[in-house]
Amino acid sequence: MVFSSLPFLFVFFPITFLLYYIVPKKAKNILLLITSLIFYAWGEPVYVLLMIATCFVGYITALWMGKYPNKNKLILVITITIYLAVLGFFKYANFLIDNINLVFGLSINSLSLSLPIGISFYTFQILSYTVDVYKKAVKPEKNFFYFTTYVSLFPQLIAGPIVRYETISEELHNRTVTLEKFSKGFTRFIIGIGKKVLIANNIGALYDSISLSPNITVGMAWLGTIAFGFQIYFDFSAYSDMAIGMGKMLGFSFLENFNYPYIANSVTDFWRRWHMSLSTFFRDYVYIPLGGNRCSKARHIRNILVVWGLTGLWHGASWNFIIWGLYFGVLLLIEKFWLKKYIEKLPNILRIIYTDFLVLISWAIFAFDNFKQLGNWFSKMFGIGTSFTSSETLYYLKNYAIMLVICVIGCTPVMKILYEKLNKKFENNKSMSIIFDTICLVICIGIFILSIAYLVNSSYNPFLYFRF
């Protein structure tokens, strides 16, 4: 079940939140646990048992660390090994078999496995909790149901953000929902719905149309790549918006996951703004334990390449994802050791263009797991064996011009800045403040109605990060 689906919006969402506000405070976590398990079982009825089992392992091993402090390291190693083995089996077993067959000319049959939805996200959450308990950054959760609620919490279960236990540990035991928090959360949820349904889906249709065209020109290849870049941003950031919004409505404060990455002025800055919970996870639990930058230059380079190879691998069991991750690792090394001093001298607009150009190249790598298709796409992008433009190129530009402008504006903080300035301007004028709030409310209602109308009339509603 996805957030931008009619069953979620008109069945699961209203029933869950109505019950949540009705039941006593002591019963709220149990209700959340039950509804979260139902939410997961909707699409993964068998794998919900796997998730509960992984929760149980994380819960027990954390308690053991508190009970047997002299064996903490052994318990940590065993726990991490178990989780990586489970993740590796379900996500990478067939990838490994395929590569063994290719290298050694064997014909080992692939396993009949479907990828458990959200396994990468909830596994990383439990891993972060386990390591934090080991480092004594958090105390072990003694209530199994509360711990399982933390892991399975439906707003962030399927596609993050990766929520650390320390972020919501206090709220897990004691939280309140005020009218202001509910209002902000619901508004954030509506904005997420609009970004997903009205922007991501529509710009994604442009990419799909271009990628299926038999006569792709240079202009179409770049337009398609730009469309894919917009789609994956609005798709994933919309999910984070909806997750953060629903978290607020439940009394939780999830950390931000995106900060306008397409206005980044370097590749380094881009990864401070894109999927921040994942970047932070790899920094704190892989990069720093490996030695970070407090080591020799050779080891520092190794650490960066290891982290980005793993980042790519985390996204999927395919070589294009590994190459995508290493591509960014190499770019970050080039910036760090050579290019940074030159980039910093450029005007900010040129720095943004430089960054977005390199990011667009990465999205082409990300989009194709077939190297023949990837090579063909790159040949089109750089004018090998194709014309620069065509009537079809102009047709797509003309028909999607307004959507592209909306995407560009939506990738910047322009609307947020405008809202904050107007809100501040009217805050001391009661009548104008009421009018402004009413206009904002009408806009939100309009976004929701348009989104529902689109969902009713369209069968195109993909979610890219479901495959991770």
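The values are calculated or read from the model by the stated rules, or taken from the named source; none is laboratory data. The structure displayed is predicted, hence computed values, not measured ones. Note that each Cβ is placed from the backbone with ideal geometry, even for glycine, and that neighbours are counted across all protein chains shown. Heavy atoms of the whole protein, side chains included, go into the accessibility calculation; ligands, DNA and RNA do not. Shrake-Rupley method; radii C 1.70, N 1.55, O 1.52, S 1.80 Å.
Among the residues of segment 270-315, count how many are out of contact with any Asp or Glu (no Cβ under 8 Å at 6 or more places or on another chain), of a type in the set (A, V, I, L, M, F, W, C) and over 20 Å from K91 (Cα atoms). Residues flagged as out of contact with any Asp or Glu (no Cβ under 8 Å at 6 or more places or on another chain), of a type in the set (A, V, I, L, M, F, W, C) and over 20 Å from K91 (Cα atoms) within segment 270-315 amount to 10. Every listed requirement among (1) over 24 Å from the mean Cα position of the chain (by Cα); (2) touching a residue at least 40 places away in the same chain (Cβ under 8 Å) is met by D235 save one, (1). For residues in segment 356-380 being free of Cβ contacts under 8 Å to residues at least 40 places away in the same chain and touching a helix residue (DSSP H, G or I) at 6+ places or on another chain (Cβ under 7 Å), which is farthest from L332 (Cα to Cα)? The selected residue is F378.
Name the single residue, out of those in segment 109-124 being open to solvent by 40 Å² or more (accessible area, probe 1.4 Å) and out of contact with any Asp or Glu (no Cβ under 9 Å at 6 or more places or on another chain), that is farthest from L37 (Cα to Cα).
Checking each candidate, the answer is N109.
Name the residue, out of T123, T61, that is touching a Ser or Thr at 6+ places or on another chain (Cβ under 6 Å) and in contact (Cβ under 8 Å) with a residue 24 or more places away in the chain.
T61
Inside segment 355-392, residues that are over 31 Å from the mean Cα position of the chain (by Cα) and β-branched (V, I, T) make up a count of 3. Filtering segment 32-63 to residues that are of a type in the set (F, W, Y) and within 22 Å of the chain's Cα centre (by Cα) leaves F39, Y40, W42, Y47.
Scanning segment 195-218 for residues that are open to solvent by 10 Å² or more (accessible area, probe 1.4 Å) and assigned to a helix (DSSP H, G or I) yields K195, L198, I199, N202, A205, Y207, D208, S209, S211, V218. When P261 is tested against the conditions (1) modelled with pLDDT of 95 or more; (2) open to solvent by 10 Å² or more (accessible area, probe 1.4 Å); (3) under 16 Å from the mean Cα position of the chain (by Cα), the lone failure is (2). For segment 108-129, a tally of residues being assigned to a loop (DSSP other than H, G, I, E, B) and of a type in the set (S, T, Y) returns 3. Of the candidates F252, F282, the single residue that is open to solvent by less than 30 Å² (accessible area, probe 1.4 Å), over 20 Å from K196 (Cβ atoms) and not in a helix (DSSP H, G or I) is F252. Within the set F436, F468, F371, the sole residue that is within 30 Å of I119 (Cα to Cα) and modelled with pLDDT under 90 turns out to be F468. Residues that are over 30 Å from K67 (Cβ atoms) and either in contact with a Gly (Cβ under 8 Å, 6 or more places away or on another chain) or modelled with pLDDT of 95 or more (or both) within segment 97-141 comprise just one, I117. Where helices (runs of 4 or more DSSP H) sit wholly within segment 334-451, those with at least 3 residues that are farther than 30 Å from H300 by Cβ and either open to solvent by less than 40 Å² (accessible area, probe 1.4 Å) or not charged (D, E, K, R) (or both) occupy 371-381, 391-410, 414-426.
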